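In what follows, a structure is listed as structure tokens, so that the remarks can point back to it.
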Amino acid sequence: MRTKVENVMTRNVALVTADTPFKDIAETLIACAVSAVPVVDGEGRVIGIVSEADLLAKEEFREQYYREGYQPPLRARLRHRLNQEVRAPKAKARGDVAAELMSSPAITVTGKTPTVGAARLMEAHGIKRLPVVDQDGRLVGIVSRRDLIRVFVRPDSDIADEVREEVLGRSLRMETAQVNIRVDHGVVTLTGTMERRSEAEIAARVVGRVNGVVDVVNEVRWLQDDDTWSGGSASRS
């Protein structure tokens with residue numbers, strides 16, 4: 001039920017090699033309308049990422065290193081002043097090829113990584129895309145935030161069918177004749193009756209993992225309260 005990265009990733013990837021010149025990298029970003037590209041070695045293994053931010057470092061520090069009279073934006077000058085002891089941006093400002101400009105090591109995922117795991121990585125590291133690699137670290141695709149969002153763009157009717165047939169019917173093997181499923185803009189509402197409270201709670205948790213489900217409203221009633229934490233045998237109808 002959980003969508004994996006291989007199901008949503010882009011397989012035709014814009015990339016550069018370690019010796020790709022600064023100008024060619026910039027032209028690749030512009031031509032492909034992307035904010036970053038993976039850097040690969042001769043075997044196709046990902047060794048880093050070059051982003052717009054990496055290239056802009058060259059502009060931000062041009063005055064310091066090239067004495068061309070270039071005046072960076074105020075925000076860049078303030079950031080430079082606050083980080084005078086940080087060497088990485090300065091080194092990138094001097095870089096002329098991808099190997100000197102890239103951020104390394106690259107944060108990557110595999111095709112089998114769940115999309116939710118990829119999303120968490122992006123959030124944790126503040127990045128918009130992740131190279132997808134095989135078991136040997138070779139580039140096989142790239143996944144972006146937009147790719148992950150597509151998981152939620154799914155017809156409500158498809159979600160309802162999967163919840164009833166795949167989740168409740170086949171996976172949980174529950175009797176679903178008395179369970180009603182309503183889906184509205186990805187929000188699944190479960191109503192009706194189940195035999196046990198534990199079944200109703202398990203069903204709601206598993207339904208929440210279905211691709212495209214934004215939230216689950218569990219209004220299922222149960223006949224037997226088998227929750228040991230609440231004392232056991234109470235019933236509700």
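Computed from the C-beta positions of ARG170 and VAL217 and an R0 of 25 Å, the FRET efficiency is 0.65 to the nearest 0.05. The H on the amide N of GLY208, modeled in the peptide plane, is under 5 Å from the matching H of no residue at least 5 residues off or on a different chain. In this simple spin-label approximation, ARG138 and ARG45 carry label points 7 Å from Cα along the Cα→Cβ vector, and these lie 1.2 nm apart. Fully extending the segment from ALA160 to ARG146 would add 2.6 nm, taking 0.36 nm per residue of separation and subtracting the current Cα-Cα distance.
Our estimate of slack between ASP19 and GLU100, defined as 0.36 nm per intervening residue step minus the Cα-Cα distance, is 28.3 nm.
Among LYS4, LYS128, which comes first, second and so on when ranked by fewest other beta-carbon atoms within 10 Å?
Values: LYS4 16, LYS128 12.
The most exposed by this proxy come first: LYS128, LYS4.
Suppose the Debye formula is applied to equal point scatterers at every Cα of segment 156-230; what is log10 I(q)/I(0) at q = 0.23, 0.25 Å⁻¹? Log10 I(q)/I(0), no solvent term: -1.00, -1.16.
Counting 0.36 nm for each residue step from ARG196 to GLN178 and taking away their Cα separation leaves a gain of 5.2 nm. Between ALA18 and VAL40, the built amide H atoms are under 5 Å apart, and every one of these is 5 or more places off in sequence or on another chain.
Can you compute the FRET efficiency between LEU56 and ASN12 using 1/(1 + (r/R0)^6), with r the Cβ-Cβ distance and R0 = 25 Å? Round to the nearest 0.05.
Numbers: r = 26 Å, r/R0 = 1.05.
The calculated FRET efficiency here is 0.45.
Taking amide hydrogens as placed 1.01 Å from N in the peptide plane, the amide H of ASN180 sits under 5 Å from those of THR191, GLY192, THR193, each at least 5 positions away in sequence or on another chain. With a simple spin-label model that places each label point 7 Å from the Cα along the Cα-to-Cβ direction, the separation between VAL116 and THR189 comes to 2.4 nm.
No value in this document is a laboratory result; all are computed from the given coordinates. What you see is a predicted model, and the numbers here were worked out from it, not measured in a lab. So basically every Cβ, Gly included, is an ideal-geometry build from the backbone, and we count neighbours across all protein chains shown.
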